[in-house]
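Below: the structure, in structure tokens.
The values are calculated or read from the model by the stated rules, or taken from the named source; none is laboratory data. Computed from a predicted model, the values in this text were never measured in an experiment. Ligands, DNA and RNA are excluded from the accessible area calculation, which covers all protein heavy atoms including side chains. Shrake-Rupley method; radii C 1.70, N 1.55, O 1.52, S 1.80 Å.
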Amino acid sequence: MKPLFLFAGLLLSLLPLTSHAQFGILTGAVDRAVNRAAEREVNKAVERKLTEKTGEYYALLMDNGRVVSHSIAFEEGSATLLADSQPFVKGMADMLRRNPDVRLRIEAHTLLAGEAAANQRLSQRRADAVRAALIGLGIDGTRLSAKGLGSTQPLYTEPDDEYAPLNQRLEFVKL
């Protein structure tokens, strides 16, 4: 077996350097093609899941007149959407594209803690940020309104309640 490796090594050393370089280029091209194919498969899976969620959002909107989201998150104390929020926002945009007659009011709610006026301003900025994100995804802004409700409509009234964080939410209300 050892002589076979020596012979193979000798042959490789006799190949011109361009062959080694070409092999490296070919290997890199194959790797890139495999990565692109894998990325396409992941994108298809995400699109299937998004389509599934879009149907759920529409059903909730038609049945209840609203969709409540606790999965849209912002940087603490700001109206900057976190990247984890994008799947939900994209799902809502997809639902709106598929149903051009639907108009929504985006209502943002905050926690009970903090000054009421500051919470009101923060919630308005957050509702505006979600509206802007939907517009950025191609939704006509005339179909959307934004309203910040601050801490005026809590789901749980005890700030120390384990469920109090659920007060911070966005609601999409059918108009």
> For region 101-155, which whole-number percentage of the solvent-accessible area (1.4 Å probe, protein heavy atoms only) is attributable to carbon and sulfur atoms?
Replying inline: 53 percent
> What's the extension gain from residue 86 to residue 174 if we count 0.36 nm per residue and subtract their Cα-Cα distance?
Replying inline: 29.6 nm
> Once a ≥ b ≥ c are taken as the square roots of the eigenvalues of the Cα gyration tensor of region 61-175, is the result rounded (a/c under 1.5), prolate (a/b larger than b/c) or oblate (a/b not larger than b/c)?
Replying inline: prolate
